[in-house]
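**Student:** Sharing a structure here in structure tokens format.
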């Protein structure tokens, strides 16, 4: 099974701090988007289970995004491609670039993370499926392959879990709980150095008629003017909370 | 091209609240032309009639066994049929797992991007402008869509208030051929959580724990005690259920339950968007966390910054004393 995994390098959500103008420090640490890690890990587990196939990871971004690709190679992916751009792209433009990559190869499975920790729209997986006219299965927390190659997937949705099946090729969006991403071994890190990484310009974005553009970032207005208790001992804090709950007739 | 089409999702014959909330978002878009609801599902004639009485100008429905539960191909067909018939200016989806698929999927098929996870929607001359949270809820941005082609948007769940039903109205069946053979994803099985956990949705007080509790043992003992003091059920974040500390049916958030209790108490919960979506309708929010920057504090009427290992037992004590 040849697998294409699309990943994104994002600012580390644990390190992100915004100032009053909606900016964050340019040297904020970057990491592979969390849900993409489940996608990469699943691809590697599929390859280990089936004993065949190649895993290609692709990212779109500035040159620094190579770090996330290197990590994926160290985990066990076979080759990587970086489409370099410093232009801001909307999700559909990202999906169009990824679709072109997918068409250039012959993939049985396209794996993406369900959403990114920066934009968080969850758009790219569905858009990729639409552009390539492939079946889409999102919110995936379990994946099995039957003897005849049918994919059986567990989706986590509002009413519980849906078990679905689909014939490849398909677009699968990975959620937490799908697996536990491995840390690269020393052997994996060494092997990654010899794996091909193709770097090429992403090219001008496609005509932008249906584009969605972002404005400046701003902090959310405090919806509720709350009472914040801090630097107090636990007993005093607890009494104060109960007092406030009493005032609101909640106790 | 005019009007707003709102896709109303059902599952096993029941309306998804988030879809009804999208009706409110549609009504807030003044001067858009007629408002049409498209109800999809199986065994839904009565439900369609209920939707027809919620302030819409026209209600269409497609009732077919393959629509009992969402799969992309099955839902895409009738929606595209409605788009072809109505040529609306805007199509809205509720922010369910299905809506978050269908919005961008159908928009891409129509050659445009989708405004996803929006909390407000308005016209600014010919541009459709929306607000949406980004960076896991830490910041907001305005997004603009300026194309004259049909606009697609997915409305975040729990933000708008669903319009009430005035009883029943007239809904028209939409004729769409749905052949099971050309649906590429096949639903084999649905596992639903045990009904014992249903009291989370109705509870007046809910005590919720996050990863900050540190361990299953700490979660069970500290929060179990606090929940007991309030005589309330326990809820958990996605992080906690993924770690296996609590069962999935206690999960509150985008892929779990949505709750709107009188009192929500979040302990060791940072407030990621995934979770906020499931509890932001709570009337009073109490937050206990070691991290003063935790996004959940933005919703807090009462917040305590400190060590939850000390605060939680103290609070349980005080609550028991107060309740007598």
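Throughout, read-outs are computed from the coordinates displayed, never taken from laboratory work. This is a predicted model, so every value here is computed, not measured. Here Cβ is always computed from backbone atoms with ideal geometry, including for glycine, and neighbour counts include all displayed protein chains.
**Student:** Over 21 Å, how big is the tail of the calculated P(r) for region B:195-323, in percent of all Cα pairs?
**Tutor:** So the pairs more than 21 Å apart make up 29 percent of the total in region B:195-323.
**Student:** For the residue pair residue A:133 and residue B:283, what label-to-label distance in nm results when each label sits 7 Å from Cα along the Cα-to-beta-carbon direction?
**Tutor:** Going from the residue A:133 label point to the residue B:283 one covers 5.5 nm.
**Student:** Just the number, please: Stokes-Einstein D of region B:63-147 in µm²/s, Kirkwood Rh from C-alpha pairs, 20 °C, 1.002 mPa s.
**Tutor:** So the translational diffusion coefficient is about 151 µm²/s.
**Student:** Would you mind checking the radius of gyration and Dmax of region A:3-201 based on alpha-carbon positions, in Å?
**Tutor:** My reading of the Cα-based Rg and Dmax gives 16.3, 56 Å.
**Student:** Nearest 5 percent is fine: what portion of the DSSP beta bridges confined to region A:49-165 is antiparallel?
**Tutor:** In region A:49-165, DSSP labels about 65 percent of beta bridges as antiparallel.
**Student:** Moving to a separate point now. Could you check the simple spin-label distance between residue B:260 and residue A:63, using points 7 Å along Cα→Cβ, in nm with one decimal?
**Tutor:** Between residue B:260 and residue A:63, the simple spin-label model gives 5.3 nm.
**Student:** Report, in degrees rounded to the nearest 10, the 0 to 90 angle that the Cα long axis of helix B:97-109 makes with the longest principal axis of chain B.
**Tutor:** Between helix and principal axis, roughly 40 degrees.
**Student:** Please average, across the residues of B:313-320, the number of beta carbons from any other chain that are within 10 Å of each residue's own beta carbon, and give a whole number.
**Tutor:** 5
**Student:** I've got another one for you. In the protein assembly as shown, what is the volume of the convex hull around the alpha carbon atoms, normalised per residue and reported in Å³?
**Tutor:** Cα convex hull per residue, to the nearest whole number: 156 Å³.
**Student:** To continue, here is another question. Return A:28, B:241 ranked ascending by Cβ neighbour count within 10 Å, so the fewest neighbours appear first.
**Tutor:** A:28, B:241
**Student:** Between residue B:166 and residue B:14, what's the calculated FRET efficiency when r is the beta-carbon distance and R0 is 22 Å? Round to 0.05.
**Tutor:** My answer for the efficiency is 0.65.
**Student:** Ok, one more. When only alpha-carbon atoms count, how far does region A:109-251 stretch along each of its three principal axes, as whole angstroms with the largest first?
**Tutor:** Its Cα atoms span 63, 42, 39 Å along the three principal axes.
**Student:** To the nearest whole number, what is the average tally of beta carbon atoms from other chains within 10 Å of the beta carbons of peptide A:164-171?
**Tutor:** For peptide A:164-171, the averaged partner shielding equals 3.
**Student:** Can you check what the Kirkwood hydrodynamic radius comes to for region B:258-324, Cα pairs only, in Å to one decimal?
**Tutor:** 12.3
**Student:** Once Rh is set to the Kirkwood radius over Cα pairs, what Stokes-Einstein translational diffusion coefficient, in µm²/s, holds for region B:77-233 at a temperature of 4 °C and a viscosity of 1.567 mPa s?
**Tutor:** 65
**Student:** Calculate the radius of gyration of the Cα atoms of region B:227-294 to one decimal place, then report Dmax, the largest Cα-Cα distance, as a whole number, both in Å.
**Tutor:** Cα only, region B:227-294: 11.3, 29 Å (Rg, Dmax).
**Student:** Across peptide A:225-231, what mean number of C-beta atoms from other chains lies inside 10 Å of a residue's C-beta?
**Tutor:** Mean number of neighbouring Cβ atoms from other chains: 6.
**Student:** Here's something else I'd like to know. With everything on Cα atoms, drop me the angle between helix A:34-50 and the longest principal axis of chain A, reported from 0 to 90° to the nearest 10.
**Tutor:** For A:34-50 against chain A, the angle is about 40 degrees.
**Student:** Provide the packing ranking of A:192-204, A:50-62, i.e. peptides ordered by the mean count of other C-beta atoms within 10 Å per residue, highest first.
**Tutor:** Sorting A:192-204, A:50-62 by mean packing, highest first, produces A:50-62, A:192-204.
**Student:** Further question: Quick check on packing: order B:40-47, A:122-129 by the mean number of other C-beta atoms within 10 Å, highest mean leading.
**Tutor:** In decreasing order of mean packing, B:40-47, A:122-129 become A:122-129, B:40-47.
**Student:** Between residue A:19 and residue A:145, how many nm apart are label points set 7 Å from Cα along the C-beta direction?
**Tutor:** 5.0
**Student:** Give me the percent of DSSP beta bridges within the protein assembly as shown that run antiparallel, rounded to the nearest 5.
**Tutor:** 35
**Student:** Under the rule of -39500 (n - 2.57) per DSSP H run of 4 or more residues, summed and divided by the residues of chain B, what mean residue ellipticity at 222 nm is obtained, to the nearest 500 deg cm²/dmol?
**Tutor:** When only DSSP H runs of four or more count, the value is -8000 deg cm²/dmol.
**Student:** Output the Cα-based Rg and Dmax of chain B in Å, rounding Rg to one decimal and Dmax to a whole number.
**Tutor:** Expressed in Å, the Cα Rg and Dmax of chain B come to 21.3, 64.
**Student:** I've got another one for you. Report for chain B the percent antiparallel among DSSP-assigned beta bridges with both residues inside it, nearest 5.
**Tutor:** 25
**Student:** To the nearest 10 degrees, how steeply does helix B:17-28 sit against the main Cα axis of chain B, on a 0 to 90 scale?
**Tutor:** Its long axis makes an angle of about 60 degrees.
**Student:** Also, I was wondering about something else. In the P(r) worked out for region A:161-239, what percent of Cα pairs fall beyond 21 Å?
**Tutor:** When every Cα pair of region A:161-239 is considered, 77 percent fall beyond 21 Å.
**Student:** Also: Ignoring solvent entirely, what values of log10 I(q)/I(0) come out of the Debye formula for region B:178-256 at 0.23, 0.26, 0.27 Å⁻¹ when each Cα is a single scatterer?
**Tutor:** -1.08, -1.29, -1.35
**Student:** Then there is this: From the gyration tensor of the Cα coordinates in region B:137-215, what semi-axes in whole Å does the equivalent ellipsoid have, largest first, with each one equal to sqrt(5λ)?
**Tutor:** Value: 33, 26, 21 Å, ordered largest first.
**Student:** Which semi-axis lengths, in whole Å and largest first, follow from the square roots of five times the eigenvalues of the Cα gyration tensor of region B:4-182?
**Tutor:** The equivalent ellipsoid of region B:4-182 has semi-axes of 24, 18, 16 Å.
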